[in-house]
Amino acid sequence: MADARLEMYRELTEAAGVPGQERDVREVMRKYLQPLGQVETDNLGSIVAVKRGTSDRPRIMVVGHMDEIGFMVKYITEDGFIKFQTLGGWSEQVMLAQRVVIKTRKGDVIGVVGSKPPHILDQDERKKVVDKKDMFIDIGAKDRKEAEEFGVRPGDPIVPLTTFTPMKNEKLLLAKAWDNRAGCAVAIQVLEELQGVNHPNTVYAGGTVQEEVGLRGAQTSSALVEPDIGFAVDVGIAGDMPGVKPEQAQAKIGKGPVITLYDASMVPHVGLRDFVIEVAEKENIPYQFDALAGGGTDAGRIHQWSRGVPSLYLGIATRYIHSHVGILHRDDLDNAARLLAAVIRRLDAKTVDAIKNS
Ligand SMILES: [Zn+2]
């Protein structure tokens, strides 16, 4: 199916949105959310569409985060190179020789993270990883003045340059920023699934800001939504590649949304977790489990809002996250949205009370 949804995935993943500068992503979200509900934003830029069912409460929050890991211009050297601040968790192993775009007020400036060719590296240097703080971006400017004329100034966001690409198996989609436009896409798709459905609650679905720097938009958007139940949809770590042991990451792409049993930011609410599993079984929706020693998601913040919100993090298994490319299987997005919609159809006040007390 050459389809509108593929176009949505392209727009979402190709939009630039480092933490704190998510506007372009928010505008894509707004475009897709507007026909599905009443759009609201918090004061830091998180966005949700409100889809009212037959009751104001319970309120169900479904969010992905809009920001992606990237960089920010720190300063321009005398000879026109860009020194940068990393935003979010970058590993040096995936940074050198990668193409990036600096989003300036005068338009896009393309650059590359500069690296020394092997010819001039001595034996020791070849084995060592270059430190982030020694890296620079080459935009082809002859000096600082020319870089400034290009429009570059300190504070400008810098994002990976990667074209959205369906692979030979067209179910597999390669793109930058699946972390976490995958969750943004699922939030939209959940609302699409609920069109014309009389659900016994009110759904707030959309995208948060600044997850990659500390789950910050999840906090402010929780105050906007005042949720009774929270779902963060975020990428999960796909372990289906050479060299990854099952105790490190168990999830496989294409095998269904990942019900995450533990991460460093949250122990999911057991009653909600079991309810979601029960619904997946009833509806014949595939799912898998994982538990991660590190990392965290927006659910880590949502569940602590006010007097506490039973919450769950649903993962989309993705390979190579926190690099220029991620690969995921589009069926996992569809199945995550189907599962959440099936859960939401059943979440009336009585059921939410039972979940809380279980
Ligand atoms: Zn991330």
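The values are calculated or read from the model by the stated rules, or taken from the named source; none is laboratory data. Keep in mind the model is a prediction, meaning the values are calculated, not measured. Every residue, glycine as well, gets a Cβ built from its backbone with ideal geometry; the counts of neighbours run over all protein chains shown. All accessible areas refer to the heavy atoms of the entire protein, side chains included, with ligands and DNA or RNA removed. Shrake-Rupley method; radii C 1.70, N 1.55, O 1.52, S 1.80 Å.
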Residues in the range 259-266: is at least one within 16 Å of the ligand (Cβ to nearest atom), in contact with a Lys or Arg (Cβ under 8 Å, 6 or more places away or on another chain) and among the hydroxyl-bearing types (Ser, Thr, Tyr)? yes
Counting only strands (runs of 3 or more DSSP E) wholly inside the range 251-358, the ones holding at least 3 residues that are touching a helix residue (DSSP H, G or I) at 6+ places or on another chain (Cβ under 7 Å) and either among the β-branched types (Val, Ile, Thr) or closer than 29 Å to Phe71 by Cα (or both) are 311-318
If the requirement is being among the β-branched types (Val, Ile, Thr), under 22 Å from Thr163 (Cα atoms) and in contact (Cβ under 8 Å) with a residue 60 or more places away in the chain, which of these qualifies: Val109, Val94, Val50? Val94
Please count how many residues of the range 234-250 are touching an Asp or Glu at 6+ places or on another chain (Cβ under 9 Å) and within 15 Å of the ligand (Cβ to nearest atom). 5
Unique residue being in contact with a Phe, Trp or Tyr (Cβ under 9 Å, 6 or more places away or on another chain), of a type in the set (A, V, I, L, M) and open to solvent by less than 30 Å² (accessible area, probe 1.4 Å) when the list is Val94, Val152, Val101, Val113: Val113
Among (1) under 22 Å from Gly64 (Cβ atoms); (2) in a helix (DSSP H, G or I); (3) open to solvent by 70 Å² or more (accessible area, probe 1.4 Å), there is one condition Thr163 misses while meeting the rest; what is its number? (2)
In this structure, is Arg126 within 16 Å of the ligand (Cβ to nearest atom) and either in the same structural domain as Asp298 (by TED's automatic domain parsing) or at pLDDT below 95 (or both)? no
Being in contact with a strand residue (DSSP E or B) (Cβ under 9 Å, 6 or more places away or on another chain), under 20 Å from Ala15 (Cβ atoms) and more than 16 Å from the ligand (Cβ to nearest atom) is the requirement here; does Lys133 meet it? no
Could you check, for the range 182-189, whether at least one of its residues is open to solvent by 10 Å² or more (accessible area, probe 1.4 Å) and assigned by TED's automatic domain parsing to the domain that holds Asp334? no
Test of understanding: among Ala336, Ala317, Ala280, which residue is more than 16 Å from the ligand (Cβ to nearest atom), open to solvent by less than 40 Å² (accessible area, probe 1.4 Å) and under 16 Å from the mean Cα position of the chain (by Cα)? Ala336
Asp290 vs. criteria in contact (Cβ under 8 Å) with a residue 60 or more places away in the chain and acidic (Asp, Glu): no
Checked the range 43-89 for anything over 15 Å from the mean Cα position of the chain (by Cα) and within 16 Å of the ligand (Cβ to nearest atom); matches are Phe71, Thr86
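To keep it simple, each residue is scored yes or no on (1) open to solvent by 30 Å² or more (accessible area, probe 1.4 Å); (2) on the phi > 0 side of the Ramachandran plot; (3) in contact with a Pro (Cβ under 9 Å, 6 or more places away or on another chain).
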{"position": "Gly20", "(1), (2), (3)": "yes, yes, yes"}
{"position": "Pro35", "(1), (2), (3)": "yes, no, no"}
{"position": "Ser46", "(1), (2), (3)": "no, no, no"}
{"position": "Glu68", "(1), (2), (3)": "no, no, yes"}
{"position": "Ile120", "(1), (2), (3)": "yes, no, no"}
Given the structure, is Arg5 under 28 Å from Gly295 (Cα atoms) and outside any loop (DSSP other than H, G, I, E, B)? no
Quick check on my filter: what residues within the range 198-220 are more than 16 Å from the ligand (Cβ to nearest atom) and either closer than 19 Å to Arg181 by Cβ or small (Gly, Ala, Ser) (or both)? Tyr204, Ala205, Gly206
